[in-house]
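Working notes, beginning with the structure itself.
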Number of protein chains: 2
Amino acid sequence: MQNTEDIISRLSAQGLRITDQRKTLARLFAESPGYLSPKDVYDYMGKYYSGLSFDTVYRNLRVMEELGVLEQVMFEEGVKFKLHCREHDHHHHLICLNCGKTYPITYCPMEQTAVPDRFRVVRHKFEVFGYCEDCSEGDN
Amino acid sequence: MQNTEDIISRLSAQGLRITDQRKTLARLFAESPGYLSPKDVYDYMGKYYSGLSFDTVYRNLRVMEELGVLEQVMFEEGVKFKLHCREHDHHHHLICLNCGKTYPITYCPMEQTAVPDRFRVVRHKFEVFGYCEDCSEGDN
DNA sequence: GTATCTGCAAACCATTTGCATTCAG
DNA sequence: CTGAATGCAAATGGTTTGCAGATAC
(Lines give C-alpha, C1' and ligand atoms only; values in the text may rest on other atoms or scores of the structure.)
Protein backbone atom coordinates (compact mmCIF):
# COMPACT_ATOMS: atom_id res chain seq x y z
CA MET A 1 0.00 0.00 0.00
CA GLN A 2 1.10 3.51 -0.72
CA ASN A 3 0.11 6.45 1.37
CA THR A 4 -1.35 9.71 0.22
CA GLU A 5 1.99 11.55 0.31
CA ASP A 6 3.69 8.93 -1.84
CA ILE A 7 1.07 9.40 -4.50
CA ILE A 8 1.14 13.18 -4.27
CA SER A 9 4.89 13.31 -4.66
CA ARG A 10 4.80 10.99 -7.62
CA LEU A 11 2.27 13.26 -9.28
CA SER A 12 4.33 16.28 -8.43
CA ALA A 13 7.51 14.62 -9.70
CA GLN A 14 5.78 14.12 -13.03
CA GLY A 15 5.11 17.82 -13.31
CA LEU A 16 1.48 17.85 -12.28
CA ARG A 17 0.12 20.61 -10.11
CA ILE A 18 -1.09 19.57 -6.73
CA THR A 19 -4.61 20.83 -6.40
CA ASP A 20 -6.98 20.19 -3.55
CA GLN A 21 -8.96 17.79 -5.67
CA ARG A 22 -5.91 15.77 -6.55
CA LYS A 23 -4.96 15.53 -2.90
CA THR A 24 -8.40 14.21 -2.10
CA LEU A 25 -8.20 11.83 -5.02
CA ALA A 26 -4.83 10.57 -3.83
CA ARG A 27 -6.21 10.06 -0.35
CA LEU A 28 -9.24 8.23 -1.68
CA PHE A 29 -7.16 5.74 -3.62
CA ALA A 30 -4.60 5.41 -0.85
CA GLU A 31 -7.37 4.42 1.53
CA SER A 32 -9.45 2.31 -0.82
CA PRO A 33 -8.40 -1.31 -0.92
CA GLY A 34 -10.26 -2.11 -4.12
CA TYR A 35 -11.51 -0.99 -7.48
CA LEU A 36 -13.51 2.21 -7.87
CA SER A 37 -15.69 3.22 -10.76
CA PRO A 38 -15.62 6.80 -12.05
CA LYS A 39 -19.01 7.20 -10.42
CA ASP A 40 -17.70 5.93 -7.06
CA VAL A 41 -14.95 8.52 -7.30
CA TYR A 42 -17.35 11.26 -8.32
CA ASP A 43 -19.71 10.47 -5.44
CA TYR A 44 -16.88 10.48 -2.93
CA MET A 45 -15.33 13.68 -4.23
CA GLY A 46 -18.74 15.31 -4.42
CA LYS A 47 -18.97 15.16 -0.65
CA TYR A 48 -16.07 17.58 -0.44
CA TYR A 49 -16.52 19.75 -3.51
CA SER A 50 -19.99 21.10 -4.17
CA GLY A 51 -19.38 22.35 -7.71
CA LEU A 52 -17.54 19.19 -8.76
CA SER A 53 -17.89 18.15 -12.38
CA PHE A 54 -17.65 14.69 -13.82
CA ASP A 55 -15.23 15.70 -16.53
CA THR A 56 -12.60 16.76 -14.03
CA VAL A 57 -12.90 13.41 -12.33
CA TYR A 58 -12.41 11.67 -15.66
CA ARG A 59 -9.52 13.92 -16.58
CA ASN A 60 -7.72 13.22 -13.35
CA LEU A 61 -8.36 9.51 -13.51
CA ARG A 62 -7.00 9.43 -17.02
CA VAL A 63 -3.95 11.51 -16.19
CA MET A 64 -3.15 9.34 -13.20
CA GLU A 65 -3.61 6.25 -15.28
CA GLU A 66 -1.28 7.55 -17.99
CA LEU A 67 1.31 8.30 -15.33
CA GLY A 68 1.08 4.74 -14.09
CA VAL A 69 -0.25 5.75 -10.68
CA LEU A 70 -3.59 4.11 -11.30
CA GLU A 71 -4.47 1.04 -13.24
CA GLN A 72 -7.63 0.58 -15.16
CA VAL A 73 -9.56 -2.65 -15.57
CA MET A 74 -12.63 -3.48 -17.63
CA PHE A 75 -15.37 -5.28 -15.75
CA GLU A 76 -18.76 -6.32 -17.04
CA GLU A 77 -20.19 -3.22 -15.38
CA GLY A 78 -17.62 -0.92 -16.94
CA VAL A 79 -14.23 0.60 -16.26
CA LYS A 80 -12.79 0.70 -12.76
CA PHE A 81 -9.61 2.05 -11.21
CA LYS A 82 -7.27 1.19 -8.39
CA LEU A 83 -3.74 2.06 -7.39
CA HIS A 84 -1.27 0.44 -9.73
CA CYS A 85 0.34 -2.51 -8.01
CA ARG A 86 3.89 -1.66 -7.11
CA GLU A 87 4.90 -5.20 -6.32
CA HIS A 88 7.54 -6.29 -8.73
CA ASP A 89 6.61 -9.88 -9.21
CA HIS A 90 3.84 -10.71 -11.55
CA HIS A 91 0.67 -11.66 -9.74
CA HIS A 92 -3.10 -11.86 -9.99
CA HIS A 93 -6.05 -10.98 -7.79
CA LEU A 94 -8.98 -12.20 -5.83
CA ILE A 95 -11.66 -9.55 -6.20
CA CYS A 96 -14.60 -9.12 -3.87
CA LEU A 97 -17.85 -8.74 -5.80
CA ASN A 98 -19.34 -6.69 -3.01
CA CYS A 99 -16.73 -4.24 -1.77
CA GLY A 100 -14.27 -4.47 -4.68
CA LYS A 101 -11.38 -5.16 -2.37
CA THR A 102 -8.54 -7.14 -3.91
CA TYR A 103 -6.13 -9.72 -2.56
CA PRO A 104 -3.01 -10.81 -4.40
CA ILE A 105 -2.58 -14.34 -5.70
CA THR A 106 1.02 -15.27 -6.26
CA TYR A 107 0.12 -18.23 -8.42
CA CYS A 108 0.24 -17.59 -12.16
CA PRO A 109 -1.55 -20.10 -14.35
CA MET A 110 0.54 -19.41 -17.42
CA GLU A 111 3.26 -21.69 -16.14
CA GLN A 112 0.96 -24.69 -16.31
CA THR A 113 -0.90 -23.76 -19.45
CA ALA A 114 -0.15 -25.76 -22.54
CA VAL A 115 -0.23 -23.47 -25.55
CA PRO A 116 0.03 -24.67 -29.15
CA ASP A 117 3.43 -23.96 -30.70
CA ARG A 118 1.91 -21.77 -33.31
CA PHE A 119 0.22 -19.40 -30.90
CA ARG A 120 2.40 -16.52 -29.74
CA VAL A 121 1.24 -15.46 -26.27
CA VAL A 122 1.32 -11.74 -25.54
CA ARG A 123 -0.60 -11.31 -22.32
CA HIS A 124 -3.14 -13.00 -20.12
CA LYS A 125 -5.83 -12.24 -17.61
CA PHE A 126 -6.63 -14.28 -14.55
CA GLU A 127 -9.10 -12.98 -12.01
CA VAL A 128 -10.99 -14.72 -9.27
CA PHE A 129 -14.27 -13.23 -8.09
CA GLY A 130 -16.13 -13.96 -4.90
CA TYR A 131 -16.89 -12.56 -1.48
CA CYS A 132 -14.31 -11.59 1.07
CA GLU A 133 -14.61 -12.34 4.75
CA ASP A 134 -16.36 -9.08 5.53
CA CYS A 135 -18.89 -9.40 2.72
CA SER A 136 -19.73 -13.07 3.03
CA GLU A 137 -23.47 -12.59 3.18
CA GLY A 138 -23.32 -12.93 -0.63
CA ASP A 139 -26.25 -13.72 -2.88
CA ASN A 140 -26.82 -17.47 -2.61
CA MET B 1 -18.79 -25.69 -34.10
CA GLN B 2 -22.46 -25.39 -34.85
CA ASN B 3 -23.80 -24.79 -38.30
CA THR B 4 -26.29 -22.19 -39.38
CA GLU B 5 -29.25 -24.58 -39.28
CA ASP B 6 -28.50 -25.66 -35.72
CA ILE B 7 -28.61 -22.07 -34.61
CA ILE B 8 -31.74 -21.28 -36.58
CA SER B 9 -33.60 -24.22 -35.13
CA ARG B 10 -32.56 -23.30 -31.62
CA LEU B 11 -33.91 -19.81 -32.17
CA SER B 12 -37.09 -21.20 -33.66
CA ALA B 13 -37.50 -23.69 -30.82
CA GLN B 14 -37.38 -20.77 -28.41
CA GLY B 15 -40.31 -19.13 -30.15
CA LEU B 16 -38.40 -16.56 -32.15
CA ARG B 17 -39.43 -15.75 -35.69
CA ILE B 18 -36.93 -16.60 -38.34
CA THR B 19 -36.35 -13.47 -40.33
CA ASP B 20 -33.86 -13.00 -43.11
CA GLN B 21 -31.67 -10.93 -40.87
CA ARG B 22 -31.58 -13.60 -38.21
CA LYS B 23 -30.62 -16.20 -40.79
CA THR B 24 -27.75 -14.01 -41.90
CA LEU B 25 -26.78 -13.40 -38.30
CA ALA B 26 -26.80 -17.12 -37.59
CA ARG B 27 -24.66 -17.74 -40.63
CA LEU B 28 -22.23 -15.02 -39.64
CA PHE B 29 -21.67 -16.48 -36.20
CA ALA B 30 -21.61 -20.04 -37.48
CA GLU B 31 -18.80 -19.09 -39.84
CA SER B 32 -16.87 -16.75 -37.54
CA PRO B 33 -14.37 -18.54 -35.38
CA GLY B 34 -13.91 -15.64 -32.97
CA TYR B 35 -15.39 -12.68 -31.19
CA LEU B 36 -17.32 -10.01 -33.05
CA SER B 37 -18.16 -6.52 -31.88
CA PRO B 38 -21.62 -5.06 -32.54
CA LYS B 39 -19.95 -2.89 -35.15
CA ASP B 40 -18.38 -5.91 -36.86
CA VAL B 41 -21.81 -7.45 -37.02
CA TYR B 42 -23.41 -4.27 -38.26
CA ASP B 43 -20.80 -3.85 -41.00
CA TYR B 44 -21.21 -7.42 -42.15
CA MET B 45 -24.99 -7.30 -42.11
CA GLY B 46 -24.94 -3.93 -43.82
CA LYS B 47 -23.52 -5.55 -46.92
CA TYR B 48 -26.75 -7.50 -47.32
CA TYR B 49 -29.37 -5.10 -45.99
CA SER B 50 -29.23 -1.55 -47.20
CA GLY B 51 -31.68 -0.06 -44.70
CA LEU B 52 -30.14 -1.88 -41.75
CA SER B 53 -30.30 -0.13 -38.43
CA PHE B 54 -27.94 -0.52 -35.50
CA ASP B 55 -30.70 -1.01 -33.01
CA THR B 56 -31.95 -4.15 -34.71
CA VAL B 57 -28.46 -5.56 -34.58
CA TYR B 58 -28.27 -4.80 -30.88
CA ARG B 59 -31.71 -6.23 -30.28
CA ASN B 60 -30.85 -9.47 -32.00
CA LEU B 61 -27.52 -9.79 -30.29
CA ARG B 62 -29.18 -9.25 -26.95
CA VAL B 63 -31.99 -11.70 -27.65
CA MET B 64 -29.56 -14.36 -28.80
CA GLU B 65 -27.43 -13.76 -25.77
CA GLU B 66 -30.42 -14.09 -23.44
CA LEU B 67 -31.33 -17.35 -25.14
CA GLY B 68 -27.84 -18.66 -24.52
CA VAL B 69 -27.00 -18.90 -28.21
CA LEU B 70 -24.36 -16.21 -27.99
CA GLU B 71 -22.02 -15.32 -25.21
CA GLN B 72 -20.87 -11.84 -24.43
CA VAL B 73 -17.44 -10.84 -23.16
CA MET B 74 -16.05 -7.48 -22.09
CA PHE B 75 -12.76 -6.53 -23.66
CA GLU B 76 -10.80 -3.33 -23.21
CA GLU B 77 -12.27 -2.13 -26.50
CA GLY B 78 -15.82 -2.99 -25.50
CA VAL B 79 -18.35 -5.78 -25.67
CA LYS B 80 -17.94 -8.63 -28.13
CA PHE B 81 -19.96 -11.72 -28.99
CA LYS B 82 -19.37 -15.25 -30.13
CA LEU B 83 -21.32 -18.48 -30.23
CA HIS B 84 -21.80 -19.83 -26.75
CA CYS B 85 -19.50 -22.79 -26.23
CA ARG B 86 -21.50 -25.97 -26.24
CA GLU B 87 -18.76 -28.12 -24.81
CA HIS B 88 -19.84 -29.46 -21.48
CA ASP B 89 -16.61 -29.35 -19.62
CA HIS B 90 -15.45 -26.10 -18.19
CA HIS B 91 -12.66 -24.56 -20.20
CA HIS B 92 -10.91 -21.31 -21.13
CA HIS B 93 -9.62 -19.70 -24.30
CA LEU B 94 -6.66 -18.50 -26.23
CA ILE B 95 -7.81 -15.39 -28.06
CA CYS B 96 -6.10 -13.93 -31.10
CA LEU B 97 -5.62 -10.18 -30.74
CA ASN B 98 -5.75 -9.74 -34.48
CA CYS B 99 -8.56 -11.88 -35.86
CA GLY B 100 -10.41 -12.61 -32.60
CA LYS B 101 -10.35 -16.34 -33.22
CA THR B 102 -10.45 -18.49 -30.09
CA TYR B 103 -8.92 -21.82 -29.18
CA PRO B 104 -10.01 -23.82 -26.15
CA ILE B 105 -7.68 -24.48 -23.24
CA THR B 106 -8.70 -27.45 -21.18
CA TYR B 107 -6.53 -26.42 -18.28
CA CYS B 108 -8.32 -24.57 -15.51
CA PRO B 109 -6.13 -22.65 -13.09
CA MET B 110 -8.61 -22.74 -10.22
CA GLU B 111 -7.52 -26.22 -9.28
CA GLN B 112 -4.05 -24.98 -8.46
CA THR B 113 -4.99 -21.68 -6.94
CA ALA B 114 -4.62 -21.33 -3.21
CA VAL B 115 -7.45 -19.19 -1.90
CA PRO B 116 -7.69 -17.97 1.71
CA ASP B 117 -10.29 -19.88 3.75
CA ARG B 118 -12.29 -16.77 4.30
CA PHE B 119 -12.75 -15.91 0.66
CA ARG B 120 -15.76 -17.57 -0.97
CA VAL B 121 -15.04 -18.00 -4.68
CA VAL B 122 -17.96 -17.48 -7.03
CA ARG B 123 -16.44 -17.32 -10.48
CA HIS B 124 -13.22 -16.69 -12.31
CA LYS B 125 -11.85 -15.48 -15.59
CA PHE B 126 -8.81 -16.80 -17.36
CA GLU B 127 -7.98 -15.63 -20.85
CA VAL B 128 -4.78 -15.81 -22.83
CA PHE B 129 -4.19 -13.25 -25.57
CA GLY B 130 -1.73 -13.40 -28.39
CA TYR B 131 -1.43 -14.04 -32.10
CA CYS B 132 -2.57 -17.17 -33.83
CA GLU B 133 -0.62 -18.88 -36.56
CA ASP B 134 -2.30 -16.94 -39.35
CA CYS B 135 -1.83 -13.57 -37.69
CA SER B 136 1.71 -13.95 -36.41
CA GLU B 137 3.00 -10.75 -37.91
CA GLY B 138 1.96 -9.14 -34.60
CA ASP B 139 3.25 -5.81 -33.38
CA ASN B 140 6.64 -6.50 -31.77
C1' DG C 1 2.82 36.04 -14.73
C1' DT C 2 1.95 31.86 -17.11
C1' DA C 3 0.73 27.35 -17.97
C1' DT C 4 -2.14 24.15 -15.91
C1' DC C 5 -6.78 23.00 -13.73
C1' DT C 6 -11.38 23.48 -13.29
C1' DG C 7 -16.40 23.94 -14.34
C1' DC C 8 -19.61 24.57 -17.74
C1' DA C 9 -21.79 23.43 -21.87
C1' DA C 10 -21.87 20.95 -25.64
C1' DA C 11 -20.25 17.20 -28.45
C1' DC C 12 -19.65 12.47 -28.92
C1' DC C 13 -20.24 7.48 -29.04
C1' DA C 14 -22.40 3.24 -27.88
C1' DT C 15 -26.60 1.47 -26.56
C1' DT C 16 -31.66 1.56 -25.55
C1' DT C 17 -36.53 2.80 -26.11
C1' DG C 18 -41.20 4.22 -28.20
C1' DC C 19 -43.83 3.96 -31.95
C1' DA C 20 -45.73 3.08 -36.50
C1' DT C 21 -45.00 -0.10 -40.26
C1' DT C 22 -43.82 -4.55 -42.05
C1' DC C 23 -43.69 -9.39 -42.01
C1' DA C 24 -43.40 -14.48 -40.18
C1' DG C 25 -46.37 -17.77 -38.31
C1' DC D 1 -54.91 -12.24 -38.96
C1' DT D 2 -51.94 -11.33 -34.93
C1' DG D 3 -48.00 -10.68 -32.46
C1' DA D 4 -43.32 -10.23 -33.16
C1' DA D 5 -39.52 -7.87 -35.81
C1' DT D 6 -37.88 -3.88 -38.12
C1' DG D 7 -36.48 1.02 -39.11
C1' DC D 8 -36.66 5.45 -37.71
C1' DA D 9 -36.03 9.04 -34.57
C1' DA D 10 -35.21 10.34 -30.29
C1' DA D 11 -33.64 9.43 -25.52
C1' DT D 12 -30.15 7.80 -22.59
C1' DG D 13 -25.71 7.03 -20.12
C1' DG D 14 -20.98 7.24 -20.04
C1' DT D 15 -17.09 9.74 -21.60
C1' DT D 16 -14.53 13.48 -24.09
C1' DT D 17 -13.63 18.17 -25.81
C1' DG D 18 -13.40 23.47 -26.32
C1' DC D 19 -13.29 27.36 -24.00
C1' DA D 20 -13.15 31.05 -20.42
C1' DG D 21 -12.17 31.91 -15.78
C1' DA D 22 -9.55 30.33 -11.55
C1' DT D 23 -5.37 28.70 -9.42
C1' DA D 24 -0.62 26.38 -8.43
C1' DC D 25 3.94 27.31 -9.07
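Summary of values
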| quantity | calculated |
| --- | --- |
| Matching residues in the stretch B:1-43 - criterion: being over 29 Å from B:Phe129 (Cα atoms) and hydrophobic (A, V, I, L, M, F, W, C) | B:Ile8, B:Leu11, B:Ala13, B:Leu16, B:Ile18 |
| Selected residue (only one of A:Phe119, A:Phe129 is under 30 Å from B:Tyr107 (Cβ atoms), facing another protein chain (nearest Cβ under 7 Å), in contact with a Gly (Cβ under 7 Å, 6 or more places away or on another chain) and not β-branched (Val, Ile, Thr)) | A:Phe119 |
| In the stretch B:43-85, the residues that are more than 10 Å from DNA strand C (Cβ to nearest atom), of a type in the set (A, V, I, L, M, F, W, C) and away from chain A (no Cβ under 14 Å) | B:Met45, B:Leu52, B:Val63, B:Met64, B:Leu67, B:Val69, B:Leu70, B:Leu83, B:Cys85 |
| Matching strands (runs of 3 or more DSSP E) fully within the stretch A:82-140 where at least 3 residues are at pLDDT 85 or above and basic (Lys, Arg) | A:120-131 |
| Qualifying residue in the stretch B:33-42 (condition: away from every other protein chain (no Cβ under 14 Å), surrounded by fewer than 16 Cβ atoms within 10 Å (Cβ to Cβ), within 9 Å of DNA strand C (Cβ to nearest atom) and among the basic types (Lys, Arg)) | yes |
| Check on A:Ser53, of a type in the set (S, T, N, Q), more than 12 Å from the chain's Cα centre (by Cα) and near DNA strand D (Cβ under 9 Å from one of its atoms) | yes |
| Members of the stretch B:13-60 that are more than 24 Å from B:Glu77 (Cβ to Cβ) and not in a helix (DSSP H, G or I) | B:Gln14, B:Gly15, B:Leu16, B:Arg17, B:Ile18, B:Thr19, B:Tyr48, B:Tyr49, B:Ser50, B:Gly51 |
| Answer residue from the stretch A:64-107, given it is touching a His at 6+ places or on another chain (Cβ under 6 Å) and not assigned by TED's automatic domain parsing to the domain that holds A:Phe29 and is surrounded by the most Cβ atoms within 10 Å (Cβ to Cβ) among those | A:Thr102 |
| Filtered residue count, the stretch A:43-62, keeping only those that are of a type in the set (Val, Ile, Thr) and either surrounded by fewer than 18 Cβ atoms within 10 Å (Cβ to Cβ) or touching a Gly at 6+ places or on another chain (Cβ under 6 Å) (or both) | 1 |
| Candidate set: the stretch A:12-26, residues that are of a type in the set (A, V, I, L, M, F, W, C) and surrounded by 15 or more Cβ atoms within 10 Å (Cβ to Cβ); chosen: the one nearest to DNA strand C (Cβ to nearest atom) | A:Leu16 |
| In the stretch A:91-140, the residues that are among the hydroxyl-bearing types (Ser, Thr, Tyr) and touching a residue at least 40 places away in the same chain (Cβ under 8 Å) | A:Thr102 |
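Yes/no matrix, rows are residues, columns are (1) within 15 Å of the chain's Cα centre (by Cα); (2) within 16 Å of DNA strand D (Cβ to nearest atom); (3) over 24 Å from A:Gln112 (Cα atoms); (4) of a type in the set (A, V, I, L, M):
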site	(1), (2), (3), (4)
B:Leu28	yes, yes, yes, yes
B:Tyr48	no, yes, yes, no
B:Val63	yes, yes, yes, yes
B:Glu66	yes, yes, yes, no
B:Thr102	yes, no, no, no
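The values are calculated or read from the model by the stated rules, or taken from the named source; none is laboratory data. Note that the structure is predicted; figures quoted are calculated from it, not measured. No Cβ is skipped: glycine too gets one built from the backbone with ideal geometry, and neighbour counts run over all protein chains shown.
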